[in-house]
Every structure is written in structure tokens, then in C-alpha cells.
Amino acid sequence: MVELAFSTNAYTRHSLPEAVRRIADHGYAGVELLGDDPHAYFPNFEDADRDALLEALSNTDLAVSNINANTAMGYYDDAPPSAFFEPSVIRADDEAREWRVEYTKRAIDLAETVGSPAVCLATGRPLPGTTPGEARDYLRESLHEILDYAEARDIEVGIEFEPELLIENTDEVFEVIDEVGRDSLGVNLDVGHAAVYGEDVAESIRASAGSITGVHLEDIVGGRRGKHYHRIPGEGNLDFQAIFDALEDIGYDGFATLELYTYPDEPDRAAREAFEALEEYVYSSH
């Protein structure tokens, strides 16, 4: 049975332990941890931070659904106030690319520590001077190094596709998965990203059967040519009945994680209303 989790990336004005405690108050079975500033930016994540996190997880009895290592905004003193994927695993600069690979390994370490089954990463965008084909070569090289590390620790790695990144949709993510050929590599399927790209979300889920490391949920206004802005379920026009039916059809029994980083001013409201909107699909029919 699918269970609901909530990402701490909505609680960026709270400490990571406080975010965990607040999420537990809203009925969720799991929590996704933001592997970035201000929660777990790994170069600054000390033993005391880890211990405080473990205490909060123990006290709330929340499972960890995923470590979200898509961004590394803590790398910059002046990162833009939106998702920023540099330095990415497709950078032509060897030093920058290796920094990101090592950063992802630290996310895997945290996953092992807290019992998370997976980490997710985004590919980033090909920068000027790097063709998409060259970027794909860098991606495969980076993934093999990351997967060597993850497999030794029994952690899965999910690529999160997103419009305008190198890997934008379901077909492209499975091209990479097939090229890499490692069972530990899958897809962290964000339903809103599929919708904004113009995919049928339920069909994207069915096409991903057996390869989903995690699911991100949010509502979106509009499909193709819609706006990539994460909303509380019910505030857009995604068909959540179809989404949960598709997850049931493929036998997915992991976490579906609400990712509502767009509500930093009112994360408790977002968490509460999202749970109320979706609990009927998850708990009442089983």
C-alpha cells in the first residue's frame, strides 16, 4: 500500500529536526529530507546535526522516504531563490562534476544512516559549450561512480526528470536507465513534472513500473504549457484518483511524498491540507 510522506523542503525557515517534528503532527508516515541548505547541506552537516535528526526521527517514529539531493544551493553564497542544479553531474569541468558526485555520495551516507531506501538527483542543464550528447556521456560516467557507492550500501538512486533539464521526461529517463544497465538506478517520478511536459501522468507511472524509487506529489495548473509551480492537491487540475489507481495497478507500495517547497511562509497549512486532500485515496479504500 502506498503511504504518504512530506518533504522538509517546505520547511526551510525551520531547522531539520523541527521540520521532522512538525510533519509528524500532520499524520504522515514518512518524511523526505532535503539534502541541501538549510537542512542537510553535506559539507556543513556535522555529527551534532546528524544526532539531532536521529533523535527527532526516533521521537516521531517517521520513516525516511528519500534523501532529496537534487540541488546544492549551499554551494553558493548568492544562489538564486529557486531550484538551482549547479554544479551538476553533467558539468564539463572535471573538478565541479566530481564535487557533485562526492556530494551525492554524502547523500547516500545519510540515507544509510537514517534507513532511507533511496536518494534522488536531477541532471541539471547542459551549459553553453557542452552539447547534449557530451552531457549524456558525463551523466553516464557520473552515475556509474555514484551507483558503485550506492550499491555497496543497498541504496537506490532515482533520476528526477524535469522540463528544461537534460533529462526532461519519462522516455528520456528510461533511455538513460537502459544505457547504464544497473538495477539500482530508477526514476524518482514527479507527477507535476510529467504533467507540465505534457505527458499523461497515469501512463508515465505505468511505463515506470518496477523502476520507481520514489514519487513526488503536488498539484499543477494546466498540463502541457502549464506552469511549473507546485500547489496543494486540489488547487490545480491533476487527477489524483487516476494517479493512485495507476500506482495500485503497478503494485507500487513505497512512499508518495508531497513536495510543496512553494509554501515556505505556511508549510504547516500546506502539509495539513495536502494530507486531508489525499488521505482518502491512500487509506480509506484499503
For the structure I just gave you, tell me whether R50 is touching a residue at least 60 places away in the same chain (Cβ under 8 Å), farther than 20 Å from R231 by Cα and open to solvent by 40 Å² or more (accessible area, probe 1.4 Å). yes
Within region 30-47, how many residues turn out to be without any contact (Cβ under 8 Å) to a residue 60 or more places away in the chain, over 19 Å from G214 (Cα atoms) and open to solvent by less than 70 Å² (accessible area, probe 1.4 Å)? 3
Output for region 101-116, where each listed residue is more than 16 Å from the chain's Cα centre (by Cα) and more than 17 Å from D51 (Cα to Cα): V101, E102
Among (1) charged (D, E, K, R); (2) in contact with a strand residue (DSSP E or B) (Cβ under 9 Å, 6 or more places away or on another chain); (3) within 20 Å of E259 (Cβ to Cβ), where does E199 come up short? (2)
Give region 51-86 a look and list any residue that's assigned to a helix (DSSP H, G or I) and modelled with pLDDT under 95, or say none. M73, G74, Y75
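From the residues in region 1-23 that are open to solvent by less than 30 Å² (accessible area, probe 1.4 Å) and of a type in the set (A, V, I, L, M), which one is modelled with the lowest pLDDT? Outline the logic, then answer.
Here is the first cut: in region 1-23, the residues open to solvent by less than 30 Å² (accessible area, probe 1.4 Å) are 2, 4-11, 16-17, 19-20, 23.
Going one step further and asking which of them are of a type in the set (A, V, I, L, M), we end up with 2, 4-5, 10, 16, 19-20, 23.
Numbers: V2: 95, L4: 98, A5: 98, A10: 98, L16: 98, A19: 98, V20: 98, I23: 98.
Only one residue fits best here, namely V2.
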Could we say that A96 is in a helix (DSSP H, G or I) and touching a Gly at 6+ places or on another chain (Cβ under 7 Å) here? no
Let me confirm something: among E179, E141, which residue is acidic (D, E), without any contact (Cβ under 8 Å) to a residue 12 or more places away in the chain and in contact with a helix residue (DSSP H, G or I) (Cβ under 9 Å, 6 or more places away or on another chain)? E141
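The values are calculated or read from the model by the stated rules, or taken from the named source; none is laboratory data. What you see is a predicted model; the values in this text were computed from it and never measured. Counting neighbours? That spans all protein chains shown, and the Cβs are built from the backbone with ideal geometry, glycine included. Keep in mind that these areas ignore ligands, DNA and RNA; they rest on the heavy atoms of the full protein, side chains included. Shrake-Rupley method; radii C 1.70, N 1.55, O 1.52, S 1.80 Å.
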